[in-house]
Amino acid sequence: MDYLMKRLFILLLLLIGCFGLNAQTGLFNLSYAIPIEEADSLLALSDFYTPNINDNLVRYYPENSTFVEAILVFVEPQTRRIIGWFIKYSPDNSEEDDAYVLQTLQEMHGKNNYFDEETQQLIWFLSTTRSVHIMYADDNSLTVLYYDSYFPELFHLKDKKASRKDSETENNTLPEDSKPAPSAEDTR
């Protein structure tokens, strides 16, 4: 009987672990800690391209879509693995488009979330350091940030400018007010 209980307990732990891993995968099938080359392949399958993946901040642009303006992927320099990503949707998207993004996030990460009044962000806490933030930028575009508070210094854009071919704008940076709210760990 003890042997059977141990096996059942181990099986339950494995199932819980699988659900936890699933919560770490987000929009565009990107996941925390995957190599940048894998992220590049996943985004290429969704018709996104980048002029350069040799940086710690990799900018992706849609080939044919007007739904998303850009996806920024944050990369840990030593391991070249993803620590987060930022999606900037078009300010011309309809309320239905934005509702679809919110519904997709709820299906992926659950309906349990937290609304931060001060920063006007809806937040899902995926772990003690990882979170998802959804909010509107100053230009009324919906933005989604997958953030890891273990690497806060790597989420700063500094003074880098977007370098998109055939683009007349350079508005593909994190909005000024998109600084993530304190993590679950910080609010304890």
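The values are calculated or read from the model by the stated rules, or taken from the named source; none is laboratory data. All values reported here derive from a predicted model rather than from experimental measurement. Here Cβ is always computed from backbone atoms with ideal geometry, including for glycine, and neighbour counts include all displayed protein chains. Just so you know, the surface numbers come from the protein's heavy atoms only, side chains and all, with ligands and any DNA or RNA stripped out. Shrake-Rupley method; radii C 1.70, N 1.55, O 1.52, S 1.80 Å.
Evaluate the range 81-90: report whether one residue or more is closer than 19 Å to HIS156 by Cβ, open to solvent by 60 Å² or more (accessible area, probe 1.4 Å) and under 15 Å from the mean Cα position of the chain (by Cα). Yes, because at least one residue in the range 81-90 is closer than 19 Å to HIS156 by Cβ, open to solvent by 60 Å² or more (accessible area, probe 1.4 Å) and under 15 Å from the mean Cα position of the chain (by Cα). Of the numbered criteria (1) outside any helix (DSSP H, G or I); (2) more than 19 Å from ARG130 (Cα to Cα); (3) open to solvent by 60 Å² or more (accessible area, probe 1.4 Å), the one GLN103 fails is (1).
The combined condition, being loosely packed, with under 14 Cβ neighbours inside 10 Å, in a strand (DSSP E or B) and not aliphatic (A, V, I, L, M), is fulfilled by PHE115.
Only one entry of THR50, THR129 meets the criterion of being over 19 Å from ASP148 (Cα atoms), of a type in the set (Val, Ile, Thr) and surrounded by 13 or more Cβ atoms within 10 Å (Cβ to Cβ), and that entry is THR50.
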